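The values are calculated or read from the model by the stated rules, or taken from the named source; none is laboratory data. Worth saying up front: this structure is predicted, and the values here are computed from it rather than measured. We place every Cβ from the backbone using ideal geometry, glycine too, and count neighbours over all the protein chains shown. Note: accessible area is taken over every heavy atom of the protein model, side chains too, but ligands, DNA and RNA are not part of it. Shrake-Rupley method; radii C 1.70, N 1.55, O 1.52, S 1.80 Å.
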Amino acid sequence: MLTSQLLENEYSGGFVTYIQEAGNVNLIEELEISLHDFIKFVQNIPMDKFDYRYAEGKWTIKEIIQHIIDTERIFAYRALRFSRNDKTALASFEENDYVDNTNANARGLQDLLTELSAVRHSNLLFYKSLSEEQLKKIGTASNNQMSVRALGFVIIGHQKHHQKVFQERYL
């Protein structure tokens with residue numbers, strides 16, 4: 001399953017950017033590859049940068065890593081619900097409230113990366129378990145129609161987006 005195989009009705013709104021950020025990749029392969037690339041990238045960031053904020057009110061790198069973890073959990077939960085044919089429209093979430101209520105800056109970098117890896121491996125197994133029919137199921141989240149497979153690409157693109165932010169604003 002490649003990003004280019006998504007149909008126009010499978011995603012919309014602010015998620016278009018993340019789909020594009022994922023690139024034309026194989027969903028299952030890139031869920032695994034992008035995790036390893038991200039961990040390697042983060043491990044090469046100088047230690048004094050993890051608590052750095054490039055402007056007042058901006059998140060630290062540790063907070064962004066926690067945000068990536070939380071967001072992946074939410075997107076995967078949506079994918080689970082949609083894959084099981086749950087037609088309940090799901091609410092959006094306020095990312096700033098989530099970050100404000102974490103303990104990311106007090107955590108060790110390795111703990112954050114281990115948690116990210118565990119979440120991704122769980123989601124990788126979930127996506128591998130789905131049939132083509134389940135991957136194409138569509139539900140509503142944040143007032144947007146989303147397919148299960150589009151959510152997988154959003155997970156990838158969201159992580160890649162933040163890696164670019166690290167490169168552009170933190171390093």
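Per the conditions (1) in contact (Cβ under 8 Å) with a residue 40 or more places away in the chain; (2) open to solvent by less than 80 Å² (accessible area, probe 1.4 Å); (3) farther than 25 Å from Gly23 by Cα, the sole criterion not satisfied by Lys137 is (3). Within region 46-69, being in a helix (DSSP H, G or I) and out of contact with any helix residue (DSSP H, G or I) (no Cβ under 9 Å at 6 or more places or on another chain) holds for one residue alone: Asp48.
When Gln145 is tested against (1) open to solvent by 70 Å² or more (accessible area, probe 1.4 Å); (2) out of contact with any strand residue (DSSP E or B) (no Cβ under 7 Å at 6 or more places or on another chain), just one condition goes unmet, and that condition is (2). Take the conditions (1) within 21 Å of Ile45 (Cα to Cα); (2) at pLDDT 95 or above; (3) in contact with a helix residue (DSSP H, G or I) (Cβ under 7 Å, 6 or more places away or on another chain); (4) open to solvent by 40 Å² or more (accessible area, probe 1.4 Å); Ala104 misses just one of them, which is (4). Residues that are part of a helix (DSSP H, G or I) and more than 16 Å from Glu32 (Cβ to Cβ) within region 115-148 comprise Glu115, Glu132, Glu133, Gln134, Leu135, Lys136, Val148, listed in sequence order.
Inspection of region 70-90 finds a residue satisfying the criterion of being buried (at least 21 other Cβ atoms within 10 Å of the Cβ), touching a Lys or Arg at 6+ places or on another chain (Cβ under 8 Å), polar (S, T, N, Q) and assigned to a helix (DSSP H, G or I). For Thr60, state whether it is surrounded by 12 or more Cβ atoms within 10 Å (Cβ to Cβ), under 21 Å from Gly152 (Cβ atoms) and of a type in the set (S, T, N, Q). So Thr60 does not fit the description; no. Cβ-Cβ contacts under 6 Å between residues 6 or more apart (or on different chains), taken from a first residue in region 101-116 that is within 12 Å of Asp51 (Cβ to Cβ) to a second residue that is of a type in the set (Ser, Thr, Tyr) and open to solvent by less than 40 Å² (accessible area, probe 1.4 Å), are listed as Asn105/Thr60.
Restricting attention to region 29-45, the residues that are open to solvent by less than 50 Å² (accessible area, probe 1.4 Å) and either small (Gly, Ala, Ser) or in a helix (DSSP H, G or I) (or both) add up to 8.
Filtered by the rule that a residue be among the polar types (S, T, N, Q) and either surrounded by 20 or more Cβ atoms within 10 Å (Cβ to Cβ) or free of Cβ contacts under 8 Å to residues at least 40 places away in the same chain (or both), region 149-163 gives a lone residue, Gln159.
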